[in-house]
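Below is one structure, written out as structure tokens, with a few remarks after it.
The values are calculated or read from the model by the stated rules, or taken from the named source; none is laboratory data. Please read all numbers here as calculations on a predicted model, not as lab measurements. FYI the Cβ positions are ideal-geometry reconstructions off the backbone, even for glycines, and counts take in every protein chain you see.
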Amino acid sequence: MNERFTPESTELLQCIACLSHCSSFEAFDTKSLVRMARLYPKDFACVGDEELAAQLEVALTLPISTASVERVFSGMNYVKDDLRSKMGNAWLNDFLVTNIEKEVFSTVDDRDIINRFQAVKERRMTIKL
């Protein structure tokens, strides 16, 4: 690679490699991003390395935070439809948690849920699966 690219280009490629989304951003490295920013001195001259690292981390987490909020509101629109528009806040919250955390709830066995529900108080009927 060194024969094809200049040292600056090689360093830039190595720094960009830390943004690879493979394996849940396993290669993410703030130091590499700061090194990459230093390749552009006119744009980042007035900021120290530590401050730049903190700003980069915040900037990179914002899209994830925004996506999480959008996912919650999308779930709320799905759960709170016309048929359930008059439900109380506690019930709406329970519906939203189960809708948003589908992956977690899909690992829970239905029998465990039924047994827990039956154990809360005595019921007139026994629920069977």
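Summary table
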quantity: Subset of region 1-38 (residues that are modelled with pLDDT of 80 or more and in a loop (DSSP other than H, G, I, E, B)); calculated: 6
quantity: Every pair of residues 6+ apart whose Cβ atoms lie under 6 Å, when the first sits in region 89-109 and is without any contact (Cβ under 8 Å) to a residue 40 or more places away in the chain while the second is small (Gly, Ala, Ser); calculated: 96/75; 99/75; 100/75
quantity: Filtered residues of region 89-129 (kept if acidic (Asp, Glu) and assigned to a helix (DSSP H, G or I)); calculated: 94, 103, 110, 112
quantity: Filter pass, residue 50 being at pLDDT 75 or above, assigned by TED's automatic domain parsing to the domain that holds residue 15, closer than 30 Å to residue 19 by Cβ and out of contact with any His (no Cβ under 7 Å at 6 or more places or on another chain); calculated: yes
